[in-house]
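The values are calculated or read from the model by the stated rules, or taken from the named source; none is laboratory data. Because the structure is a prediction, the values reported are computed rather than measured. FYI the Cβ positions are ideal-geometry reconstructions off the backbone, even for glycines, and counts take in every protein chain you see.
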Amino acid sequence: MLEIRHKRIVKTRKEQTCYACEDSIEKGSHVIYVTAKQDDKHHNVHLHLECNKEMSKRKIAMTKGCLHNVKQMPTVAPMLDSDLPF
């Protein structure tokens, strides 16, 4: 698991890839730039602002592609007890 050292908002100077959803990030976009450490190796990654919010909201640990499957999952609307067939 990554040990996050620093997090800050930056404007990209070139196209990047989001670490969480693995989609591309356009040049000139505002993103979260994360400096982390794992197994005594330093890592620098970029996250969409929305991906960072989604990971915080769902309390998902930051791993490569962690939101890739979450975005593809259909959302289930809650049902009222009166709508249940039993």
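In the chain, counting only strands (runs of 3 or more DSSP E) that sit wholly within it, the ones holding 2 or more residues that are at pLDDT 90 or above and surrounded by 13 or more Cβ atoms within 10 Å (Cβ to Cβ) span 30-38, 41-48.
Count of the range 46-63 residues, restricted to those that are in contact (Cβ under 8 Å) with a residue 12 or more places away in the chain and acidic (Asp, Glu), is 1.
Among the residues of the range 1-45, those identified as of a type outside the set (A, V, I, L, M, F, W, C), touching a residue at least 24 places away in the same chain (Cβ under 8 Å) and touching a helix residue (DSSP H, G or I) at 6+ places or on another chain (Cβ under 9 Å) are LYS7, TYR19, GLU22, ASP23.
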